[in-house]
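*Asks:* Have a look at this one.
The values are calculated or read from the model by the stated rules, or taken from the named source; none is laboratory data. This structure is a prediction, so every number in the text was calculated from the model and none was measured. A quick note on method: Cβ atoms are made from the backbone with ideal geometry, for glycine too, and the neighbour counts reach across all protein chains shown.
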Amino acid sequence: MAGKTLKTEAVVLRSIRYGEADRILHLYSAVRGRIGAIAKGVRRPTSRFGGRLEPFFRLDLLLHEGRGELLTVTGAATVDGYPRLRSSGPTLMASARACDAVLRLLDSAEPNRPAYNLLCRYLAMLDDPSVERAASLEGGLSFRLKLALAAGFAPELASCARCGEAGHLVGFSGAAGGVVCAACEAGSFALSEEAHSFMVEAIGRPLAEAPLAEARSLAQVERAISETLEHHAHVQLRPAA
């Protein structure tokens with residue numbers, strides 16, 4: 001069989017039934033970025049892959065790269081299955097939203113190790129019952145802000161995205177890509193001081209130390225992230241909660 005073998009660690013972002021016994025996999029790889037692959041016969045009871053080719057599994061994979069767009073899974077070993085996150089509705093949904101955000105925002109075959117490490121770290125947090133607020137809206141928005149940073153689309157938060165003014169930052173403009181001052185607020189939406197502080201702290205703090213904020217401020221944060229990615233990455237994310 002012509003082609004070459006790729007060995008990589010990857011997280012399963014999505015798994016789709018295909019044909020009578022196969023699955024199409026959307027993977028995010030540590031060394032290859034986004035990968036589409038097919039796992040042949042994986043849904044048969046006798047499959048050697050078992051149930052490990054499911055969303056949220058972190059795997060060591062052997063992939064055959066032929067002439068088609070999809071690589072073929074020829075080997076898979078579990079690095080971490082994150083079993084505990086599957087036992088809770090909130091952690092399961094938070095994991096699905098995180099993988100969907102990676103799927104939508106990082107569609108390149110170029111590797112992005114910071115983004116890969118971030119995803120693995122967040123899944124590990126969701127799998128650990130001792131990590132408070134991992135599945136909360138604050139945790140999910142902190143993940144999205146850090147993912148946007150890793151992808152090169154972090155919003156400007158230090159000064160006005162239009163004129164560079166460092167003070168009187170009163171609004172947020174997705175088109176401008178960040179906070180805006182009072183003189184440049186046309187076309188922006190009001191951004192509270194708490195929402196602004198949340199974004200700054202969420203990017204600067206470790207993921208496990210997501211800051212707290214009121215619901216109104218968190219809604220502004222989600223809108224800021226969404227509008228920035230829509231304008232500059234041409235990506236629409238699903239609601240964060």
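*Asks:* Which is free of Cβ contacts under 8 Å to residues at least 12 places away in the same chain and either among the acidic types (Asp, Glu) or farther than 17 Å from PRO211 by Cα (or both), of GLY174, GLY178, GLY152, GLY187? Break it down into steps so the answer makes sense when it comes.
*Replies:* Details: GLY174 fails: free of Cβ contacts under 8 Å to residues at least 12 places away in the same chain; GLY178 fails: free of Cβ contacts under 8 Å to residues at least 12 places away in the same chain; GLY187 fails: free of Cβ contacts under 8 Å to residues at least 12 places away in the same chain.
Step by step, each of GLY174, GLY178, GLY152, GLY187 is checked, and only GLY152 is free of Cβ contacts under 8 Å to residues at least 12 places away in the same chain and either among the acidic types (Asp, Glu) or farther than 17 Å from PRO211 by Cα (or both).
*Asks:* Restricting to the stretch 1-38, name every residue that is farther than 20 Å from LEU147 by Cβ, under 23 Å from the mean Cα position of the chain (by Cα) and of a type in the set (A, V, I, L, M, F, W, C).
*Replies:* ILE16, ILE24, LEU25, ALA37, ILE38
*Asks:* Next up: Determine which single condition PHE172 fails, assuming it passes every other condition in (1) crowded, with 23+ Cβ neighbours inside 10 Å; (2) at pLDDT 95 or above; (3) closer than 22 Å to GLU54 by Cβ.
*Replies:* (3)
*Asks:* Looking at GLU110, GLU132 in this structure, which one is outside the structural domain of ILE16 (by TED's automatic domain parsing), part of a loop (DSSP other than H, G, I, E, B) and either small (Gly, Ala, Ser) or in contact with a strand residue (DSSP E or B) (Cβ under 8 Å, 6 or more places away or on another chain) (or both)?
*Replies:* On the way: GLU132 fails: either small (Gly, Ala, Ser) or in contact with a strand residue (DSSP E or B) (Cβ under 8 Å, 6 or more places away or on another chain) (or both).
Going through GLU110, GLU132 in turn, the sole match is GLU110.
*Asks:* Return only the number of the condition from (1) assigned to a loop (DSSP other than H, G, I, E, B); (2) touching a strand residue (DSSP E or B) at 6+ places or on another chain (Cβ under 7 Å) that HIS196 does not satisfy.
*Replies:* (1)
*Asks:* Condition check: hydrophobic (A, V, I, L, M, F, W, C) and over 17 Å from PRO211 (Cβ atoms). Does ALA124 satisfy that?
*Replies:* yes
*Asks:* A further question on this structure: Is it true that some residue in the stretch 44-60 is more than 21 Å from SER108 (Cβ to Cβ), under 23 Å from the mean Cα position of the chain (by Cα), part of a strand (DSSP E or B) and not β-branched (Val, Ile, Thr)?
*Replies:* Yes; the residues of the stretch 44-60 include at least one that is more than 21 Å from SER108 (Cβ to Cβ), under 23 Å from the mean Cα position of the chain (by Cα), part of a strand (DSSP E or B) and not β-branched (Val, Ile, Thr).
*Asks:* While we're looking at this one, here's another question. Can you confirm whether ALA161 is touching a residue at least 12 places away in the same chain (Cβ under 8 Å), crowded, with 16+ Cβ neighbours inside 10 Å and touching a helix residue (DSSP H, G or I) at 6+ places or on another chain (Cβ under 7 Å)?
*Replies:* Numbers: touching a residue at least 12 places away in the same chain (Cβ under 8 Å): yes; crowded, with 16+ Cβ neighbours inside 10 Å: yes; touching a helix residue (DSSP H, G or I) at 6+ places or on another chain (Cβ under 7 Å): no.
Against the criterion (touching a residue at least 12 places away in the same chain (Cβ under 8 Å), crowded, with 16+ Cβ neighbours inside 10 Å and touching a helix residue (DSSP H, G or I) at 6+ places or on another chain (Cβ under 7 Å)), ALA161 does not qualify.
*Asks:* Check GLU65 against each of (1) farther than 30 Å from LYS40 by Cα; (2) assigned by TED's automatic domain parsing to the domain that holds ARG34 and name the one condition it does not meet.
*Replies:* Exception for GLU65: condition (1).
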